[in-house]
Amino acid sequence: MLSYTYQSLMYFRKMFSRKSTWLIFCTVILGFMGTHEMRGVTSFCRFWGLGTCGYHSFLHFFRVSVWSFDALITYWSTFVLSQNEVVCADGRAVLLGDHTCVAKDGRKMPCVVSMHQHSETQSKPSYFRGHFWGAIGMLIGSLESPFCIPLDLRIHQGLVHVGENSKTENDRETLGTRIIQMALDLSVRHDLRSILILDAFFPRRCSFQTG
């Protein structure tokens, strides 16, 4: 397991021009794997036993421009495909897509919006403030016992707060089309024939016009 983890992290070495940046990246990934809580950078510092200096180093890593999030997503999806564990149906990879809402208490956090909980879960109140995420995953393993591994996860609402909603009203993507566009971008990027499985929220006219 340790050998496989090391080889997996080495795959991403060529993405970073500096070894120190890659080492911090490895620290973050291992922190995600090992921490028993998820409270942002604070969780990584607690897991590694770091103080204020380590906290600011993590913050700097997430804010620098020497590496690209889009490039990281591409490297990750390429790595998943290279493992040859993709579940296929009629010669097509099976992709899953959905939205998820995460409650946030921060009043000035970017992209935090007021939302209404439509699902049947009782873990969140009917109305709350938080982040609205869109996720794309791929089935791996076998059809008898598949596992969905995440490939891309992005905030899909409240992007005006970070200046990413510059399109005109007629060209602006909806919550439904954003997920579909993520799947299309993934399939085109890797020249991958695929099937996208979504729930009843997505079959709308604008969804079939995407791409």
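Look at PHE128 and say whether it is over 21 Å from the mean Cα position of the chain (by Cα), of a type outside the set (D, E, K, R), surrounded by 10 or more Cβ atoms within 10 Å (Cβ to Cβ) and modelled with pLDDT of 70 or more. Considered against the rule, which asks whether it is over 21 Å from the mean Cα position of the chain (by Cα), of a type outside the set (D, E, K, R), surrounded by 10 or more Cβ atoms within 10 Å (Cβ to Cβ) and modelled with pLDDT of 70 or more, PHE128 comes out as yes. In this structure, GLY91 does not qualify as more than 24 Å from LYS14 (Cα to Cα), surrounded by 16 or more Cβ atoms within 10 Å (Cβ to Cβ) and assigned by TED's automatic domain parsing to the domain that holds MET182. Within segment 9-20, being surrounded by fewer than 15 Cβ atoms within 10 Å (Cβ to Cβ) and in a helix (DSSP H, G or I) holds for MET10, TYR11, ARG13, LYS14, LYS19, SER20.
If we scan segment 39-59, do we find a residue that is in contact with a strand residue (DSSP E or B) (Cβ under 6 Å, 6 or more places away or on another chain) and either within 20 Å of ASP152 (Cα to Cα) or modelled with pLDDT of 90 or more (or both)? Scanning segment 39-59, I find no residue that is in contact with a strand residue (DSSP E or B) (Cβ under 6 Å, 6 or more places away or on another chain) and either within 20 Å of ASP152 (Cα to Cα) or modelled with pLDDT of 90 or more (or both), so the answer is no. Residues considered: MET38, MET33. Of these, the only one that is outside the structural domain of ALA183 (by TED's automatic domain parsing), within 16 Å of the chain's Cα centre (by Cα) and part of a helix (DSSP H, G or I) is MET33. Are any of the residues in segment 143-150 at pLDDT 80 or above and within 14 Å of HIS99 (Cα to Cα)? Within segment 143-150 (the criterion being at pLDDT 80 or above and within 14 Å of HIS99 (Cα to Cα)), the answer is yes, since at least one residue qualifies.
SER8 passes every criterion in (1) of a type in the set (Gly, Ala, Ser); (2) at pLDDT 90 or above; (3) in contact with a Gly (Cβ under 7 Å, 6 or more places away or on another chain) apart from (3). Among the residues of segment 72-80, are any in a helix (DSSP H, G or I), farther than 23 Å from ILE195 by Cα and among the β-branched types (Val, Ile, Thr)? No, that holds for no residue.
Could you grab me the full set of residues in segment 3-29 that are touching a helix residue (DSSP H, G or I) at 6+ places or on another chain (Cβ under 6 Å) and farther than 19 Å from THR74 by Cβ?
The first filter runs over segment 3-29 and keeps only residues touching a helix residue (DSSP H, G or I) at 6+ places or on another chain (Cβ under 6 Å), leaving 9, 11-13, 15-16, 22, 24, 26.
Across segment 3-29, the qualifying residue is only ILE24.
Determine, yes or no, whether CYS101 is free of Cβ contacts under 8 Å to residues at least 60 places away in the same chain, farther than 29 Å from PRO146 by Cα, in contact with a Gly (Cβ under 8 Å, 6 or more places away or on another chain) and in the same structural domain as ILE180 (by TED's automatic domain parsing).
Values: free of Cβ contacts under 8 Å to residues at least 60 places away in the same chain: yes; farther than 29 Å from PRO146 by Cα: no; in contact with a Gly (Cβ under 8 Å, 6 or more places away or on another chain): yes; in the same structural domain as ILE180 (by TED's automatic domain parsing): yes.
No: the conditions fail for CYS101.
Examine segment 26-40 for a residue that is among the acidic types (Asp, Glu) and within 25 Å of HIS190 (Cβ to Cβ), and state whether such a residue exists.
Step one: list which residues in segment 26-40 are among the acidic types (Asp, Glu), which gives 37.
With within 25 Å of HIS190 (Cβ to Cβ) added as a condition, the list becomes none.
Among the residues of segment 26-40, not one is among the acidic types (Asp, Glu) and within 25 Å of HIS190 (Cβ to Cβ), which makes the answer no.
Screening segment 139-159 for residues that are surrounded by fewer than 18 Cβ atoms within 10 Å (Cβ to Cβ) and of a type in the set (Gly, Ala, Ser) and picking the one that is farthest from ALA71 (Cα to Cα) gives SER145. Checking each residue of segment 17-26 against the condition of being closer than 25 Å to VAL102 by Cα, touching a Cys at 6+ places or on another chain (Cβ under 6 Å) and at pLDDT 90 or above gives no match.
Among residues of segment 27-76 being without any contact (Cβ under 8 Å) to a residue 24 or more places away in the chain and in contact with a Cys (Cβ under 8 Å, 6 or more places away or on another chain), the one that is farthest from SER17 (Cα to Cα) is GLY51.
Could you please find all residues in segment 93-116 being within 18 Å of ASP152 (Cβ to Cβ) and not in a loop (DSSP other than H, G, I, E, B)? I'd like the intermediate steps shown before the answer.
First, the residues of segment 93-116 that are within 18 Å of ASP152 (Cβ to Cβ): 93-102, 111.
Of everything in segment 93-116, those that are within 18 Å of ASP152 (Cβ to Cβ) and not in a loop (DSSP other than H, G, I, E, B) turn out to be ALA93, VAL94, LEU95, LEU96, GLY97, ASP98, HIS99, THR100, CYS101, VAL102.
The values are calculated or read from the model by the stated rules, or taken from the named source; none is laboratory data. Computed from a predicted model, the values in this text were never measured in an experiment. Glycine gets a Cβ as well: all are built from the backbone with ideal geometry, and neighbour counts include every protein chain shown.
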